[in-house]
Amino acid sequence: MILAAIQPVVQSEPNVLAQLLVIFLAAAFTENILLARFLGMCSFLAISRQMKTSIGLGFAVVFVTTFTAAINWLLHTYVMVPLGIVFLEYIIFIVVIAAFVQLVEMIIERFSPSLYFSLGIFLPLITVNCAILGVSLFMLNKQSFGLPESLIFGFGSGIGWLIAIVLMAGIREQIKEDKIPPGLRGAGITLIITGIIALAFVAFSGMIK
Amino acid sequence: MAFKDTAGGKALIQNLWHENPVFRQMLGICSTLAVTNLLKNTLLMCGGLIFTAGLSSLTISLLRKTIPKQVRMMVQVLIIAAYVIIVDTFIRAQFPDIHKTIGPYVGLIITNCIIMGRAEAFASKNPAWPSLLDGIGAGLGYSLILVIIALVREALGFGTLMGIPLPARDVWWYQWTIMVMPPGAFFMLALVAWFGNATLLKREKNGGAK
């Protein structure tokens with residue numbers, strides 16, 4: 001269904017593909033949801049201690065942002081705007097996200113119990129991850145977005161979050177044994193490293209005009 | 001200090017420093033850190049957060065016996081979302097210029113873990129009045145840190161406070177571009193957390209206040 005939505009657009013205008021790539025790169029790098037917009041910090045600080053769990057949560061976030069962005073775009077365009085209930089968007093979005101996460105949890109549990117056990121704890125956590133709601137809200141800020149753009153934007157933002165948390169987990173595993181001032185241990189040092197990574201990501205801003 | 005001895009008063013004071021949500025619990029920094037490059041935006045955002053935290057704690061506490069356990073989280077999120085809509089509508093009407101820049105972040109107050117955390121940890125178990133104070137206390141403790149960060153970031157990044165230029169700005173001021181950019185917020189928060197934690201650790205070591 002997703003392919004069918006993108007396919008005609010790609011065929012009609014080759015430029016559109018390049019545009020989608022730009023949206024993806026912008027969402028993943030220059031406007032990284034965590035490093036430039038500070039979203040999803042809570043789970044980032046709590047989970048990035050271990051590489052394995054970081055990767056698991058990262059992919060779960062990619063999956064959920066991609067689809068909730070698309071669902072919320074459809075709801076916003078075809079239900080909320082025609083009915084004039086845009087002011088309810090927060091409530092509708094959060095319900096969609098919670099319901100989607102619940103659904104994903106049920107499907108995974110039914111079809112792949114082993115994946116369910118490795119992801120189990122993180123799936124419910126995602127509902128309150130502000131990055132997910134943030135993607136939907138920022139998506140609406142860009143009024144020119146259609147369905148393919150929203151889908152790519154959601155996917156790119158999720159990938160951006162995945163990159164950030166995996167980088168962080170790698171660094172945190174390295175500094176586990178280091179001597180760090182007691183007041184700075186845990187969150188403090190993580191924030192400083194996040195700042196340095198964010199600084200590195202600022203360099204990407206020349207990539208997209 | 002009779003006020004301090006009541007359950008609610010104690011919760012309010014505790015949340016300001018000893019249990020400060022930001023550097024003691026590292027909760028809810030997501031939605032608001034982004035607006036700390038200008039003090040005015042920060043104050044507006046913090047006002048919205050205190051309003052939502054206080055009133056949603058109050059509401060959840062009043063309803064705590066009627067909400068079924070299984071759908072507890074969902075109901076709490078919906079109550080919080082309702083208050084955030086009020087805040088959003090207010091800011092949109094009164095400060096349309098600011099709303100354009102901080103718009104999406106206002107909506108993100110819903111997923112701010114502090115509000116949810118206080119609702120779950122305190123308001124769902126305590127009577128109305130202490131819950132209201134606890135929510136306001138958490139909001140204030142959070143605002144305290146953000147206002148400090150915003151003060152430094154705006155002064156160093158723009159040379160202004162609340163949009164008013166600092167005195168003799170041409171003489172001494174030099175723009176710290178990093179303070180305008182996102183990394184500045186991370187570094188500032190890390191420094192504040194370091195200072196706060198180090199002070200509390202020292203006091204605990206000396207056997208002082210608990």
Descending semi-axes in whole angstrom, ellipsoid equivalent of segment B:119-200, from the Cα gyration tensor: 35, 15, 10
With runs of 4+ DSSP H residues as the only contributors, calculate the mean residue ellipticity of chain B at 222 nm using -39,500 (n - 2.57) per run, divided by the residue total and rounded to the nearest 500. -22000 deg cm²/dmol
Looking only at other chains, what is the average number of their beta-carbon atoms within 10 angstrom of each beta-carbon in B:188-195? 6
Treat each spin label as a single point 7 Å out from the Cα along the C-beta direction, and report the residue A:171 to residue A:88 distance in nm. 4.4 nm
Shielding of B:177-183 by other chains, given as the mean Cβ count within 10 Å, works out to 5
Flagged as over-length at 28 Å C-alpha distance, from A:142/B:40; A:176/B:202; A:52/A:179; B:10/B:65; A:52/B:205, the pairs are A:52/B:205
Scale the Cα Rg of the protein assembly as shown by the rule-of-thumb value 2.2 N^0.38 Å and send over the ratio, two decimals. 0.99
Heavy-atom accessible area of residue B:170, protein chains in place, probe 1.4 angstrom, given in Å² to nearest 10, is 150 Å²
Length gained when the stretch residue A:18-residue A:180 is fully extended (0.36 nm per residue, less Cα-Cα span): 53.8 nm
Mean other chain Cβ within 10 Å across A:192-198 is 6
Please compute the Cα-Cα pair-distance distribution of segment A:22-203 with 5 Å bins starting at 0, giving whole percents from short to long. 1, 8, 17, 19, 18, 15, 11, 6, 3, 1, 0, 0
If we sort B:73-82, A:94-103 on the protection proxy, mean other Cβ atoms within 10 Å, highest first, what's the order? B:73-82, A:94-103
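The values are calculated or read from the model by the stated rules, or taken from the named source; none is laboratory data. Fair warning: this is a prediction, and the values are worked out from it, not measured in the lab. Glycine also receives a Cβ, built like all others from the backbone with ideal geometry; neighbour counts cover every protein chain displayed. Surface areas here come from the heavy atoms of the whole protein model, side chains and all, with no ligands, DNA or RNA. Shrake-Rupley method; radii C 1.70, N 1.55, O 1.52, S 1.80 Å.
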